[in-house]
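The values are calculated or read from the model by the stated rules, or taken from the named source; none is laboratory data. The model shown is predicted, which means the values in this text are computed figures rather than measured ones. Neighbour counts run over all protein chains shown; Cβ positions are idealised from the backbone, glycine included. Heavy atoms of the whole protein, side chains included, go into the accessibility calculation; ligands, DNA and RNA do not. Shrake-Rupley method; radii C 1.70, N 1.55, O 1.52, S 1.80 Å.
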Amino acid sequence: MRLFIVANTDKPRVQPALERMLPWLSQRVEVVGVDNDHRTDFKNINCDAVLVLGGDGTLLSAAHRLAGRQIPLLGVNFGRLGFLAGFTPEQFENRFEDFLAGKLPIRQRDSIEVSVLPSGVPCKAGDCDEVAKHRRFVSTALNDAVVTSGPPYHMIELQIGVGGEGGVRYFGDGVIVATSSGSTAYNVSAGGPIMSTGVEALCITPICPHSLSFRPVVISIKSTIVIHAERVNEGTTLQCDGERPTSIAAGEKIVIRRDPHPVLLVENPDSREWRALAEKLNWAAGPVYNSEESKHA
């Protein structure tokens with residue numbers, strides 16, 4: 001097996017782990033390269049899998065640079081949560097032989113394609129070829145696409161439409177469109193729902209809406225979302241998975257649809273999604289009692 005390694009050496013535990021793992025890995029696989037500066041062009045790497053040492057952000061960056069190439073990502077978590085990077089260093093070493101034998105599950109994770117159409121360009125959002133022809137910007141996201149108001153931080157006005165239906169006017173600080181994989185990221189912080197990673201859906205979550213009734217909405221991932229920038233700020237931007245943002249001007253349209261190339265993740269068979277919510281997000285935690293006696297009061 002040919003293995004390429006992405007190592008986020010900004011995290012203090014990664015460099016020592018990489019130095020320890022490399023001789024061990026080289027006895028079992030062909031290590032074709034190591035990226036520790038986030039600059040490698042993944043279009044030209046020739047490998048069977050990518051080992052990611054870092055956290056969810058490191059894995060998202062690696063998925064972004066793969067640009068749709070169907071190469072499995074195996075994430076070893078040195079970050080805080082590790083929803084995407086599902087292995088601890090110990091679990092990775094214990095399970096690596098199973099991975100080489102093809103015994104670990106490799107799941108397809110839905111991602112989204114995000115296009116920006118210039119103002120005044122007549123284009124049917126549901127026509128993929130037309131969108132590709134006229135767009136000025138395109139990116140993909142495994143977690144989410146986020147429109148933020150930006151400086152001078154006045155409310156912005158957007159029209160949000162789904163599946164060819166007319167847009168709904170929205171005032172606020174921006175909007176998040178999250179996949180099921182990204183539902184536990186910015187989406188949940190903004191009050192959106194947690195979705196199981198097996199759910200083929202997107203969630204549209206407003207950021208600080210100027211309304212008591214605008215709530216997050218879950219829709220089919222087969223739907224096409226069109227966000228029309230009616231009124232924005234000088235600093236209004238679109239950002240996909242935390243990558244470099246692009247500015248959004250009044251009159252432009254953002255078209256979001258299911259990307260035809262899912263991201264392949266090697267999953268940890270020892271991990272349980274339901275349990276992970278409780279352990280990583282402290283979900284459904286009970287009250288903190290003052291004493292043992294008070295628990296039985």
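Starting from the Cα of ILE219, step 7 Å along the direction of its Cβ; do the same at ALA101; then give the gap between the two resulting points in nm.
Here the modelled spin labels are 4.6 nm apart.
Enter the angle in degrees (range 0 to 90, nearest 10) between the Cα long axis of helix 14-26 and the first principal axis of the Cα atoms of the chain, meaning the one along which they spread out most.
60
Find the accessible area per residue for the chain; the probe is 1.4 Å, ligands and nucleic acids are left out, and the unit is Å². The partial results should precede the final answer.
On the way: 14980 Å² over 297 residues.
Accessible surface, normalised per residue, equals 50 Å².
Where in the stretch 202-228 does the amide nitrogen come within less than 16 Å of the point 7 Å from the Cα of SER119, taken along Cα to Cβ?
228
Please give the calculated 222 nm ellipticity per residue for the chain, where each DSSP H segment of at least 4 residues contributes -39500 (n - 2.57) and the sum is spread over every residue; nearest 500 deg cm²/dmol?
So the helix-based figure for the chain works out to -5500 deg cm²/dmol.
Applying a 10 Å radius around every beta-carbon, put 149-159, 19-29, 236-246 in order of their mean neighbour count, most first. Walk me through the intermediate numbers first.
Numbers: 149-159: 16.1, 19-29: 12.6, 236-246: 18.6.
With the highest mean Cβ count within 10 Å placed first, the list reads 236-246, 149-159, 19-29.
Taking 8 Å as the Cα distance limit and 6 or more residues as the minimum spacing, I'd like the relative contact order of the stretch 70-162 as a percentage. Please report the intermediate quantities before stating the final value.
Details: 67 pairs, mean separation 18.1, N = 93.
In percent, rounded to a whole number, it is 19.
In nanometres, what is the gap between the two model label sites at ARG272 and ALA132, each 7 Å from Cα along Cα-to-Cβ?
4.4
Quick check: net charge around ALA17, other residues with Cβ under 12 Å of its Cβ, Lys/Arg +1 and Asp/Glu -1? Please report the intermediate quantities before stating the final value.
Values: positive: LYS11, ARG13, ARG20; negative: GLU19, GLU90, GLU93.
Its environment carries a net charge of 0.
Exactly which trypsin sites (Lys or Arg not before Pro) in the stretch 54-146 are in a DSSP loop and have at most 14 other Cβ atoms within 10 Å? Don't jump to the answer; show the numbers that get you there.
Details: sites: ARG65, ARG69, ARG80, ARG95, LYS103, ARG107, ARG109, LYS124, LYS133, ARG135, ARG136; in loops: ARG69, ARG80, LYS103, LYS124, ARG135, ARG136.
Of the trypsin sites (Lys or Arg not before Pro), the ones in loops of the stretch 54-146 whose Cβ has at most 14 other Cβ atoms within 10 Å are ARG80, LYS103, LYS124, ARG136.
Which FRET efficiency, nearest 0.05, do MET1 and ARG80 yield, Cβ-Cβ r, R0 25 Å?
On the way: r = 30 Å, r/R0 = 1.19.
The calculated FRET efficiency here is 0.25.
Mean 1/r over all different Cα pairs, inverted: what Kirkwood radius does the stretch 143-188 give, in Å? Each step should come with its number before you reach the end.
Details: mean 1/r = 0.0850 Å⁻¹.
Result for the stretch 143-188, one decimal place: 11.8 Å.
What is the helix-to-structure angle for 56-66, meaning the angle in degrees between its Cα long axis and the longest Cα principal axis of the chain, kept from 0 to 90 and rounded to the nearest 10?
Computed tilt is about 80 degrees.
Please give the length that would be gained between LEU212 and GLN159 if that part of the chain were fully extended, namely 0.36 nm times their separation in residues minus their C-alpha to C-alpha distance (nm, one decimal). Write out the running numbers ahead of the final one.
Numbers: separation 53, 0.36 × 53 = 19.08 nm, distance 1.75 nm.
This chain segment gains 17.3 nm when fully extended.
Computing the accessible area with a 1.4 Å probe over protein heavy atoms, can you report the carbon and sulfur percentage for the stretch 1-140? Each step should come with its number before you reach the end.
Numbers: 3080 of 6880 Å².
C and S fraction of accessible area: 45 percent.
Tell me the volume per residue, in Å³, of the convex hull enclosing the alpha carbons of the stretch 33-122. Please list the in-between numbers first.
Values: hull volume 13.1 nm³, N = 90.
Looking at the stretch 33-122, the number lands at 145 Å³ per residue.
To the nearest Å, what is the center-to-center distance of the stretch 190-265 and the stretch 147-161, using C-alpha atoms only?
Each part's Cα centre sits 12 Å from the other's.
So for the stretch 59-102, what percent of the C-alpha to C-alpha distances run longer than 11 Å?
Working: 659 of 946 pairs.
The calculated P(r) of the stretch 59-102 puts 70 percent of pairs beyond 11 Å.
Given contacts defined as C-alpha pairs under 8 Å and at least six residues apart, what's the relative contact order of the chain, whole-number percent?
Working: 630 pairs, mean separation 54.7, N = 297.
Once normalised by length, the contact order is 18 percent.
Which percentage, to the nearest 5, of the DSSP beta bridges contained in the chain is antiparallel? Can you show the working numbers first?
Numbers: 51 of 68 bridges.
If we restrict to bridges inside the chain, about 75 percent are antiparallel.
How many lysine pairs are close in the chain, with Cα atoms under 29 Å apart and the two 8 or more places apart or on different chains?
So the count of such lysine pairs works out to 14.
In the stretch 164-259, what trypsin sites (Lys or Arg not before Pro) fall in a loop by DSSP, with at most 11 other Cβ atoms inside 10 Å? Let's see the in-between values first.
Values: sites: ARG169, LYS222, ARG231, LYS253, ARG257, ARG258; in loops: LYS222.
Answer by residue number: LYS222.
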